[in-house]
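Here is the structure we will look at, set down as structure tokens.
FYI, it's all coordinate maths here, none of it is from the lab. Given the structure is predicted, the values throughout are model-derived calculations rather than measurements. Note: ideal-geometry Cβ built from the backbone for every residue, glycine included; neighbour counts use all protein chains shown.
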């Protein structure tokens, strides 16, 4: 049998050259050259994803792992995991300035299409969420104590009877500040 040496260039002999399938090993264990992270990144996506917004084109589906929040994640093999959309941004456009986020035009957390991504601040992210109607309002907020019907009753009780904030608050079992903010339109603006 011929002497088999490692293909990495170290010329070390491979002691067990046959794999379980009967194929010859090309590299000594631990000598396999690592695939660059950019090459591995492009192997993990499918460009035939869903068409969520026709004006943007198709989303690119991430085929690897996702975090608990539903965002695609990518391991750079340096012990550090990136959100996949951030890794795609770095691969295509380069540097992400400190303090900026990579946001999605398509609102698909698993999308890694660079055409759907843009840079923005936390405020930009919040404004984008609000403009698209994805922010929780009223009863959708988990710790909301009152309903839209209760808000209407509070406004009627204050407006028709001329009762003060404290008496209306006592009647409904809520705080003075809550009644004041509802009546002044600071909160629950979406309820008429």
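Starting from the Cα-Cα distance between residue 11 and residue 67, subtract it from 0.36 nm times their residue separation and give me the gain in nm to one decimal.
16.0 nm
Starting from the Cα of residue 170, step 7 Å along the direction of its Cβ; do the same at residue 184; then give the gap between the two resulting points in nm.
Placing both labels 7 Å along Cα→Cβ, they lie 2.2 nm apart.
Tell me the label-point distance for the pair residue 191, residue 38, using the 7 Å Cα-to-Cβ offset, in nm and rounded to one decimal.
Label-label distance for residue 191 and residue 38, simple model: 5.4 nm.
Of 93, 172, how do they rank once you tally other Cβ atoms within 10 Å and put the fewest first?
The most exposed by this proxy come first: 93, 172.
Just to be sure I follow: if Rg is taken over the C-alpha atoms of the stretch 37-131 and Rh is the Kirkwood radius over the same atoms, what is Rg/Rh?
Here Rg/Rh amounts to 0.94.
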